[in-house]
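Working notes, beginning with the structure itself.
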Amino acid sequence: MLRNRLFALFGLLVIASMVLAACGPAAEAPVAEQPAAEQPAAEEPAAEEPAAEEPAAEEPAAPATTRQGGWFDQIVVIEEPSSEAAVTRLEAGEVDIYAFTVANADLLARVEASSDLSLQRSYGSYNELTYNPAGPEFEATGTLNPFAVPAIREATNWLIDRDYIAQEVTGGMAIPRFYAFGPTFAEAARYADTVAQWETYYAYDMEKARTVITAEMEALGATLVDGKWNYNGEPVVLVGLIRTEDERSQIGDYFATQLEEIGFTVDRQFKTSAEASPIWTGDPNAGLWHWYTGGWISTQVPRTEEDNFIDFYAPDGWPGNPLWDAYTNDPAFYEAGMKLYNREYSNLEERAALFEQLIPLSMKESQRVWTTNRASFTPYRSNISVVGDLAGAIAGSRMWPYTVRRIGEEGGVATIAMPSILTNPWNPLAGSNWIYDQALVRATTDWGSNPNPWTGVFMAQRVERAEVTVQEGLPVAKSQDWVSLDFAPEITVPEDAFIGWNAETQTFVTVGEANPDGLTALTKSVVYYPANLSDVTWHDGSPIDIADFLMVLISTFDRGTEGSAVYDPAGATALRTFLGTFRGFKIVSEEPFVFEYYSDAWQADAENIVTTLWPSYAYGPASWHSLAIGFLAEANNELAFSQAKSAELEVEWMSYVSGPSIEILKKYMDQAAAESYIPYAATLGQYVTADEAAARWSNYTEFNRRWGHFWLGTGPYFLQRAFPVEGQVVLRNYPEFVDLSDRWASFGEPPIPVVDVEGPAQVAGGADATFEVFITFNDQPYATADLTSVNFLVFNSAGELAFKGAAEAVEDGLYQIILPASETSNLTAGASKLTVVVVSALQSIPSFATVEFVASP
């Protein structure tokens, strides 16, 4: 008998990569470890499988407390670009948390050996090679850019050995990744057979890469001279921006060597995030770079990753970023990608067909080539307690600000280190998307609902409850009591619901005006906020109100509508995407605040369908009055929210926390305060009185006088001060935060299944073969009711998928797989593999296990 044990993906990534290698070399809205922003709640990923009840926490709740806001009085965030130095500082007690996902085997061993240190693991961090698609000649330099050619980008998939990167470069702390969706979450399990097919096709093959690239380079007019590519009599020099903070330094060096092997001259430019950011996010046609070692993180457990094809390969993925604006797509890819993005499918079969189409099409696009998913860990002092996310770790978790504390203590000061902070300007609409900045932004932010850090299913935060109605036939389920779920044959949008915007009159357009023949939607959410909503205050003391919520819609419409004083082409792209699914909004009640939201965007989890409209934007929180001063500055062409517009107008990229923007924003705050200014008065004036406006401006003025910046949130901490030159940010407890500090103190250990497989060492062709699958957690049988699926894949001696199926449940913790004689008779003689894929309803990381057997005639 053969026996194989795999502890999900915790700590045994070498085995995990072998497991997935059975499918060939193994395979985010997303934030960047590098960038990627979170989407509004309606756009958050959701699972296809009906979700189970949320897991109860294993650990006892923290002692009762009367404290509000964060557990610490103050959090000081400092820069520390070296992971090794950070661990040394943790050991010395200089730092409490190194809020960065580390994938270094030596450092892992060091942390595990220390009684003073603890760690959390996460699987949402991943690396890739970003290509500059401008050209084929750069406008600024006239030099050749081979990566303008899709076929050359595609061929680099054969040029890199992902297994080598995973095992040698990271010491086994990563697994190969091929696609826009990761190998450690649900999509890889759902489409394992398609994943296997294309990973085999795109496996490392240096000669195939050389052949394709040679043909394409010759078609561009380049010639190979003494083994080096030349163009117009000069060597073709490829500039690589190589990040220095982690294993991307070695990945970049490896890729440069591979490029040199096939005839390119490579200029290796090793840079920190702050040094590289203005280059790779700047004008691609400036010709300053050809490729960049990118890194990303999914900041929450992804219920699905269907948005990622558009997010990473199409201009819609990051409107206003010059690199994304330079992307052009095969129409077939874009059409299929937008269908997934907008959930334009009515059943799971149609969804699967889109994935089958997009996986190979995305490899041909290859605006970026994925290398590895990291088996990361975040180290911290053992006297610290904090809830991280299985995907986003501590830095990406929305839960960390609510839960971080020194065990058994209230108050005090914590020191958190990060590789970089204040990497890009902070503004709520189009500011910094770096994980280093967004982690701190989250400390200042609250939400209508929050994703469970184990499952990704949303939990109520500020919202009281919601009623969800879905068109009959859509596979939607619910698992939490704060949401009710109904189905209807048709959902009609009321005529008086808002669906559009008149930029000239600054008023909403109703459904009756825009769609006189009527309008239907796939989903309807009725969202109820509590009667004491006004107890929630902005960090300047101003109570939150309906105008703050309406500003979310107004800013989306106005920035994307030509004729608006703050029109931005990036906003137009975002608006076009938004209007693809938005079907209406209607206020039902002002006190308490209740509204209806209609959309064609649907998720398999009813909780994730709910759009709460909480005023936390893509890049941070904002009140109507804090956004107003930014709009005034942009309308007068003195600042711009987006990087692209700031470059176009040759003005400062707006920062609410530091730099030259502060004086400009102060000028407009003073002007607004003198007038008791109400932005978009034709609409917001119905909900804000002159006295209320005056009170807000008075609060904001005092806030700015005291703290020197304009960053307002409603979270458990507020921004006390940002010091870009010194590389330091100071966060301070907000004692007026409405929740007690221990509200989320009950999360325990995520119940990730441990999988054992036992079966025969030899399987005779034409005979049945039985394998047993043991599934446990903490050495106890895993309840069958808590498992979504237990499936298997069988690969023949050539590594090809021979057949697949579902295991049969015998009892809790035990499943049986019978390979039927009709299938074993078709196995070729030699070493074969059985891979088992276990999906739990209690957390969203699938567990894999594999066992080899010899197939005999």
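What to note about this one:
- Taking GluC sites (Glu not before Pro) across the stretch 689-780, the ones in a DSSP loop with at most 11 further Cβ atoms lying within 10 angstrom of their Cβ are E726.
- Pairwise Cα distances in the stretch 694-785 exceed 15 Å in 78 percent of cases.
- Stokes-Einstein D for the stretch 755-807, Kirkwood Rh over Cα pairs, 25 °C, 0.890 mPa s (µm²/s): 186 µm²/s
- Fraction of accessible area attributable to carbon and sulfur, the stretch 638-792 (%, probe 1.4 Å): 47 percent
- Expressed in Å, the radius of gyration and Dmax of the Cα atoms of the stretch 498-562 are 15.3, 46.
- In percent, rounded to a whole number, the relative contact order of the stretch 552-678 is 16, using alpha-carbon pairs under 8 Å and six or more apart.
- Assigned charges on the beta-carbon of Lys, Arg, Asp, Glu; the stretch 653-789 dipole about Cα centre (debye): 1080 debye
- When peptides 816-827, 305-316, 461-472 are sorted by average Cβ neighbour count within 10 Å, with the highest value leading, the order is 305-316, 461-472, 816-827.
- Where only alpha carbons of the stretch 797-844 are counted, the Rg and the Dmax (Å): 13.5, 40
- Calculated mean residue ellipticity, 222 nm, the chain: -8000 deg cm²/dmol, from DSSP H runs (n ≥ 4) at -39500 (n - 2.57) each, averaged per residue and rounded to 500.
- 5 angstrom amide H check on V509, placed H, neighbours 5+ away: I499, G500, W501, N502
- Taking the convex hull of Cα positions in the stretch 199-354, its mean projected area over all directions (nm²): 11.8 nm²
- Within the stretch 465-568: Cβ-based charge dipole about Cα centre, in debye rounded to nearest 20 (Lys, Arg +1; Asp, Glu -1): 320 debye
- Applying a DSSP loop filter and a limit of 15 other Cβ atoms within 10 Å to the chymotrypsin sites (Phe, Trp or Tyr not before Pro) in the stretch 471-535 leaves nothing.
- In the context of the full set of protein chains, residues of the chain present 34 Å² of accessible surface per residue (probe radius 1.4 Å, heavy atoms only).
- Positive contributions from Lys and Arg (+1) and negative ones from Asp and Glu (-1), summed over other residues with Cβ under 12 Å from the Cβ of N157, come out at 0.
- Backbone geometry of the stretch 228-244 corresponds, through the Karplus equation with coefficients 6.51, -1.76 and 1.60 at θ = phi - 60°, to 3J(HN,Hα) couplings of 10, 6, 10, 9, 6, x, 10, x, 7, 9, 9, 8, x, 8, 10, 5, 9 Hz, x marking Gly and Pro.
- Cβ-derived FRET efficiency at R0 45 Å, A798 paired with V725, nearest 0.05: 0.15
- For R89, net neighbour charge (Lys/Arg +1, Asp/Glu -1) across residues whose Cβ lies under 11 Å away: -4
- Taken one residue at a time, the phi angles of the stretch 341-358 give Karplus couplings (6.51, -1.76, 1.60, θ = phi - 60°) of 4, 9, 6, 8, 9, 10, 7, 6, 5, 5, 5, 4, 5, 5, 4, 4, 6, 7 Hz. Gly and Pro are set to x.
- Relative contact order of the stretch 170-258, pairs being alpha-carbon contacts under 8 Å that are 6 or more residues apart, as %: 12 percent
- Whichever aspartates and glutamates have a C-alpha closer than 19 Å to that of K208, once near sequence neighbours (fewer than 8 apart) are set aside: E154, D161, D163, E199, E216, E218, E260, E261, E365
- For the stretch 627-666 versus the stretch 778-794, the gap between their alpha-carbon centres in whole angstrom: 53 Å
- Dimensionless Rg ratio for the stretch 190-229, taking C-alpha atoms and the 2.2 N^0.38 Å reference: 1.70
- Between the stretch 376-436 and the stretch 454-480, the Cα center-to-center distance that results, in Å: 27 Å
- Cα-based Rg and Dmax for the stretch 369-430, where Dmax is the largest Cα-Cα distance (Å): 14.5, 46
- Spherically averaged projected area of the stretch 56-143 from its Cα convex hull (nm²): 11.8 nm²
- Set of lysines near K667 by C-alpha distance (under 25 Å), chain-local residues within fewer than 8 positions excluded: K645
- Tail weight of P(r) past 16 Å, computed on alpha-carbon pairs of the stretch 573-627, percent: 60 percent
- Extending 7 Å from Cα along the Cβ direction at E207 and again at T265 yields two label points whose distance is 3.0 nm.
- Pairwise alpha-carbon distances in the stretch 707-851 exceed 19 Å for 64% of all pairs.
- Cross-link reach list, lysines versus K833, counting only Cα pairs under 21 Å and skipping chain neighbours closer than eight places: K804
- Among P760, S746, T770 the positive-end extreme of the charge dipole of the stretch 731-775 (Cβ point charges): S746
- Separation of the stretch 256-287 and the stretch 324-338, taken as the distance between their Cα centroids, equals 24 angstrom.
- Diffusion coefficient, µm² s⁻¹, Stokes-Einstein with Kirkwood Rh over alpha-carbon pairs of the stretch 94-233 at 37 °C and 0.692 mPa s: 178 µm²/s
- Computed extension length for S825-E349: 168.4 nm, one decimal, from 0.36 nm per residue of separation with the Cα-Cα distance subtracted.
- Once Rg and the Kirkwood radius are both taken over the C-alpha atoms of the stretch 501-616, their ratio Rg/Rh works out to 0.98.
- Taking the Cα centre of the stretch 288-372 as origin and assigning +1 to Lys and Arg Cβ atoms and -1 to Asp and Glu Cβ atoms, the resulting dipole is close to 220 debye.
- Cα gyration tensor shape for the stretch 391-518, rounded if a/c is under 1.5, else prolate or oblate: oblate
- Over the stretch 614-669, the hull volume per residue, using the convex hull of the C-alpha atoms, is 75 Å³.
- Net charge of neighbours whose Cβ lies under 12 Å from the Cβ of F585, counting Lys and Arg as +1 and Asp and Glu as -1: +1
- In the set [x] 1.32; [y] 1.08; [z] 0.96, the label that goes with Rg/Rh (Cα atoms, Kirkwood Rh) computed for this structure is [z].
The values are calculated or read from the model by the stated rules, or taken from the named source; none is laboratory data. This one's a predicted model, so the numbers in the text were calculated from it and none came from an experiment. Virtual Cβ from ideal backbone geometry, glycine too; neighbours counted across all protein chains shown. For the accessible areas, the whole protein counts, side chains as well, though only heavy atoms, and no ligand, DNA or RNA atoms are used. Shrake-Rupley method; radii C 1.70, N 1.55, O 1.52, S 1.80 Å.
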